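Please read the structure below before turning to the comments.
The values are calculated or read from the model by the stated rules, or taken from the named source; none is laboratory data. Note that the structure is a prediction, hence the values are computed from the model and not measured. No Cβ is skipped: glycine too gets one built from the backbone with ideal geometry, and neighbour counts run over all protein chains shown. Side chains are part of the model used for accessible areas, which takes the heavy atoms of the whole protein and leaves out ligands, DNA and RNA. Shrake-Rupley method; radii C 1.70, N 1.55, O 1.52, S 1.80 Å.
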Amino acid sequence: MTELSQIQFGQPVEPCVSHDKWALLDTLTCAARQFNLNHRTLTVLRALLTFYPDRKLSDVPGLAVVYPSNRTLSQRLNGMPESTLRRHLATLVRTGIVSRQDSANRKRFARFGGLAFGFDLSPLARLAPQIYEAAEEEHRKQQEIDSLRARIAATRQRLIESATLMPHHPLIENSRRILRRKVDAETLRDVLDSLENHLDNTRKIDVPTERMSARNSENERHIQTTDESESVCTTAPVCETEDIALDDVTLSCKEYRDFLPDAPRNWSDLLRVAYTLYPMMGIDRSTFEEAREKIGPNGVSVAILCMLEKIANIRKPGAYLRGLSKRADQGKLNLRAMIKATGPRKLSADNFA
C-alpha cells in the first residue's frame, strides 16, 4: 500500500526543475553564514528532508510538501525540545528556505485530491542558484583566509629565526594568538602587514659586514689601553661584535652545554641560547632587554655566556648585567676581554661593570 506521505499533490503548470536535496543541503551548510543559519537549524532542515520521499527536490510550489507533527520531528531529532524545534522552524521560514502552508487549525495533514498542509520545501530548490553562488564565495573567502594564515605563520617564523624579534615580543605574541582564533580576512591582513613591514624595515637597516682581519694597532675602531679589560668604542655606544668570531665564543664558553648541548650554528642561535639561560641565572626580563638594547643582540649573547662561565663568582647577576649595560653605554665595554677572562683569569665585575 502506498504511504500517504509519498503521494504528490497538485500538477506542475510549467517545466519542473529538480535538484538533489542532499547536495543542496551540503552546499547550504557551506554557505550557512550568509543565510544566518547555524548547525542546529540545518539539523532541523535535514530532518524535514527525510520526510520527502524522493531524492530530487522539485522547485514547483506545492510539489514538495511534508507534514510531520512536531512530536514526530522531535523524535527524529533525538528528543529535541519542541520549544527549540519551533524556534528553528521559524528561522527556516523567515530566511525563505521553506514555507508554511497552514490549515485552519494549523494542523499538518494531507488529503486525496491534491490538498496538503505542512512545510513546502520547494523554496529550497528555487534558491539553489543563490546557494551555490554563496557557497563558492565562502570557498574563495576561506582560501584567502588560509593563504593569509600561512603567510603570517611563515613571516612570523622568519622574524624569530633571524632574531629580529624574540618569541615574547608583542607583535609575535599577537600573531600567535590571532592564528589560534577564528578571525576575518581583514584582521589577518592587518597582522600580516605589520609583520611584513617590520621585516622590510629590518632588511633596510641591516647591512652585512665582514669580520675585521686587521690587528688592533691598524684598526681605529678601538683605542686599546694597557688593561685589555677596558677599551673605548669611539664610533657607537653599543659595543661591536663584528671582530669576534662565533667559534671563539663557543669554544671559550662551555658551561651552556650542560643546558643546551647543541652548538649554535649562527648568532641567531646564540641569542636564543641567551634567552634560554638568562632566567635560569636570576636575571629579570627588563634587565636583559635593556642590555640587549645597549650591548646589542650579539653582544648580550656573549655577555650571558661569559657570565655563566663565572656564575659562582657573581653574587647578583642582574646587577652585574646592568653594570655591563652601563659600561657599554659609556663605550668602555670590551667583550673580547670578557671572552679571554673565561679562562684561568678571573672574571671581575670591577673590570667590566
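On the basis of being in contact with a helix residue (DSSP H, G or I) (Cβ under 6 Å, 6 or more places away or on another chain) and either part of a helix (DSSP H, G or I) or at pLDDT below 85 (or both), does LEU251 make the cut?
no
Can you spot a residue in region 197-217 that is at negative phi, at pLDDT below 85, in contact with a His (Cβ under 7 Å, 6 or more places away or on another chain) and open to solvent by 40 Å² or more (accessible area, probe 1.4 Å)? Walk me through how you get there before you give the answer.
Step one: of region 197-217, the residues at negative phi are 197-217.
Cutting the leftovers down to at pLDDT below 85 gives us 197-217.
In the following step, the residues that additionally are in contact with a His (Cβ under 7 Å, 6 or more places away or on another chain) were identified as 216.
Now narrow it down to the ones that are open to solvent by 40 Å² or more (accessible area, probe 1.4 Å): 216.
Checking region 197-217: at least one residue is at negative phi, at pLDDT below 85, in contact with a His (Cβ under 7 Å, 6 or more places away or on another chain) and open to solvent by 40 Å² or more (accessible area, probe 1.4 Å).
Quick check on region 254-289: of everything there that is open to solvent by 70 Å² or more (accessible area, probe 1.4 Å) and part of a helix (DSSP H, G or I), which residue is nearest to ARG322 (Cα to Cα)?
SER286
Determine which member of the set THR95, THR43 is under 19 Å from ARG126 (Cα atoms) and either open to solvent by less than 70 Å² (accessible area, probe 1.4 Å) or modelled with pLDDT of 90 or more (or both). Show your work before the answer.
Details: THR43 fails: under 19 Å from ARG126 (Cα atoms).
Testing whether each residue is under 19 Å from ARG126 (Cα atoms) and either open to solvent by less than 70 Å² (accessible area, probe 1.4 Å) or modelled with pLDDT of 90 or more (or both) leaves just THR95.
Within region 75-83, does at least one residue satisfy the condition of being assigned to a helix (DSSP H, G or I) and either among the basic types (Lys, Arg) or crowded, with 17+ Cβ neighbours inside 10 Å (or both)? Break it down into steps so the answer makes sense when it comes.
Applying the first criterion (assigned to a helix (DSSP H, G or I)) to region 75-83 yields 75-76, 82-83.
After this cut, where a residue has to be either among the basic types (Lys, Arg) or crowded, with 17+ Cβ neighbours inside 10 Å (or both) as well, the list is 76.
So far as region 75-83 goes, yes, one or more of its residues are assigned to a helix (DSSP H, G or I) and either among the basic types (Lys, Arg) or crowded, with 17+ Cβ neighbours inside 10 Å (or both).
Could you please find all residues in region 321-340 being touching a Phe, Trp or Tyr at 6+ places or on another chain (Cβ under 8 Å) and not charged (D, E, K, R)?
LEU321, GLY323, LEU324, LEU333, ASN334, ALA337, MET338
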